[in-house]
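Report on one structure; see the data block that follows.
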Amino acid sequence: MNYERFFAFHNSAARIYVSAALLFVVLTILTAVIPAIEANATPPSNRVKPYTPLAEEGRALYIGEGCGYCHTQQVRPLPGDKIFGPPSLAGDYAYDKPMIAGTERTGPDLSNVGARQPNDTWHLIHLWNPRAVVPNSVMPSYSWYFVIKDHADPGDTVVPVPTGYGPSGKVVVATHQAMALVAYLKSLNRTGPAPAQQALGGGALSTGESEQLGAKVYAANCATCHQTTGRGVAGVFPPLDGDPIVAATDASAMVSTVLHGTQNRVIGGVKYPGQMPAFKNVLTPAEIAAVTTFVRESWRNHAPDVTTEQVIKEASK
């Protein structure tokens, strides 16, 4: 072997270019082509369904508005991502062409926003003015998807905009495009059954760990409706601060509500149209125990803690 010629390889521009090109082709095949072939061959997971025509229309609007620049649709298998649901699977994107998993998370991940927020009302208020439900939101208002009228016409979807966020003496009506975008967001429901002991990590959580977990779960799943103050949104989403069910010594009713959801609840003579989703298949029993305990000990509430065992028992009923 001519070692002198071998070690002089770098002196040949042609050899360098050809070698670099071959290396590029090989790496492209390994990191892009083969994974793409495998992804296309992956069947849909049991966590997703084909989009309806209305949701497909909304998906096109989502892409056109550039929502993917600020919101991801991929949950990584990392502790920090647990609040957004189970880790993403390749089959979760079988109906997404093109896939819009995103890379930035200026806003929360939307992989299972349809499970966290199944209610048209919340999404419509949020699109009209995000600050109406998330005071510190940096998301722009998509008010062009709505029309302002003096009076609603038959068949109109009126948005119950909170006081101070809508035109005085008029009504805000959602357009077809707004409803399409909401249909797409509600279709994002990539969740699966939560294993009974998943969040226990082999043992019960310490008091400090439970407090931290409860605060994180509340911020990710509850604060957008019930607010960080626990006071809710007047006439739309009920308060948790001082709620008799929250403050009850027996936590069964509260745990059942978190597990199975509720809608059109009357509190203090006020009927709240907002729908609370069922978190039975979204959060683990340990997460539900932590967040219910967090709520029962926050603001003016001073109620006993909730254990994971209580949640599992209530879920089995």
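The values are calculated or read from the model by the stated rules, or taken from the named source; none is laboratory data. Note that this is a predicted model, so its numbers are computed, not measured. Cβ sites come from the backbone with ideal geometry, for glycine too, and all protein chains shown count toward neighbours. Note: accessible area is taken over every heavy atom of the protein model, side chains too, but ligands, DNA and RNA are not part of it. Shrake-Rupley method; radii C 1.70, N 1.55, O 1.52, S 1.80 Å.
Reported count of residues in the range 232-253, each being open to solvent by 30 Å² or more (accessible area, probe 1.4 Å), under 24 Å from His123 (Cβ atoms) and of a type in the set (Gly, Ala, Ser), is 2.
Of the residues that make up the range 6-22, is at least one outside any helix (DSSP H, G or I) and not hydrophobic (A, V, I, L, M, F, W, C)? For the range 6-22, residues outside any helix (DSSP H, G or I) and not hydrophobic (A, V, I, L, M, F, W, C): present. For the structure I just gave you, tell me whether Lys313 is open to solvent by 60 Å² or more (accessible area, probe 1.4 Å), among the charged types (D, E, K, R) and free of Cβ contacts under 8 Å to residues at least 40 places away in the same chain. In short, yes. Residues that are outside any strand (DSSP E or B) and either surrounded by 15 or more Cβ atoms within 10 Å (Cβ to Cβ) or at pLDDT 90 or above (or both) within the range 265-278 comprise Pro277, Ala278, listed in sequence order. Within the range 252-271, the set of residues being out of contact with any Phe, Trp or Tyr (no Cβ under 6 Å at 6 or more places or on another chain) and closer than 20 Å to Ala223 by Cβ comprises Met254, Val255, Thr257, Leu259, Gly261, Thr262, Gln263, Ile267. For the range 42-56, the tally of residues that are assigned to a helix (DSSP H, G or I), closer than 21 Å to Ala101 by Cβ and open to solvent by 80 Å² or more (accessible area, probe 1.4 Å) stands at 1.
Conditions tested, residue by residue: (1) under 30 Å from Val138 (Cβ atoms); (2) in contact with a strand residue (DSSP E or B) (Cβ under 7 Å, 6 or more places away or on another chain); (3) in contact (Cβ under 8 Å) with a residue 12 or more places away in the chain.
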residue: Ile34; (1), (2), (3): no, no, no
residue: Asn40; (1), (2), (3): no, no, no
residue: Lys49; (1), (2), (3): no, no, yes
residue: Glu56; (1), (2), (3): yes, no, yes
residue: Arg59; (1), (2), (3): yes, no, yes
residue: Val75; (1), (2), (3): yes, no, yes
residue: Ile83; (1), (2), (3): yes, no, yes
residue: Pro87; (1), (2), (3): yes, no, yes
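Hey, does the range 146-163 have a residue that's touching a residue at least 24 places away in the same chain (Cβ under 8 Å) and out of contact with any strand residue (DSSP E or B) (no Cβ under 9 Å at 6 or more places or on another chain)? Scanning the range 146-163, I find at least one residue that is touching a residue at least 24 places away in the same chain (Cβ under 8 Å) and out of contact with any strand residue (DSSP E or B) (no Cβ under 9 Å at 6 or more places or on another chain), so the answer is yes.
Residues in the range 123-148 that are open to solvent by 50 Å² or more (accessible area, probe 1.4 Å) and either more than 18 Å from Cys67 (Cβ to Cβ) or of a type in the set (A, V, I, L, M, F, W, C) (or both): Pro135, Asn136, Val138, Trp144, Val147, Ile148. Screening the range 16-63 for residues that are of a type in the set (Asp, Glu) and out of contact with any helix residue (DSSP H, G or I) (no Cβ under 6 Å at 6 or more places or on another chain) and picking the one that is nearest to Tyr95 (Cα to Cα) gives Glu56. The set of residues from the range 91-107 being more than 28 Å from Ala286 (Cβ to Cβ) and open to solvent by less than 40 Å² (accessible area, probe 1.4 Å) comprises Tyr93, Ala94, Asp96, Ile100, Gly102.
Within the range 156-199, being modelled with pLDDT of 90 or more and of a type in the set (Lys, Arg) holds for Lys170, Lys186. For the residues Ser88, Ser111, the requirement of being in contact with a helix residue (DSSP H, G or I) (Cβ under 7 Å, 6 or more places away or on another chain) and either open to solvent by less than 50 Å² (accessible area, probe 1.4 Å) or part of a helix (DSSP H, G or I) (or both) singles out Ser111. Just to be sure before I move on: is Thr229 in a loop (DSSP other than H, G, I, E, B) and either modelled with pLDDT of 90 or more or open to solvent by 20 Å² or more (accessible area, probe 1.4 Å) (or both) in the structure I sent? Yes.
I'm checking my understanding of the structure. Among residues of the range 254-264 that are out of contact with any Asp or Glu (no Cβ under 8 Å at 6 or more places or on another chain) and either assigned to a helix (DSSP H, G or I) or open to solvent by 60 Å² or more (accessible area, probe 1.4 Å) (or both), which one is farthest from Leu240 (Cα to Cα)? In this case the residue turns out to be His260.
Does Ile288 satisfy being over 21 Å from Ser137 (Cβ atoms), open to solvent by 20 Å² or more (accessible area, probe 1.4 Å), in a helix (DSSP H, G or I) and aliphatic (A, V, I, L, M)?
No: the conditions fail for Ile288.
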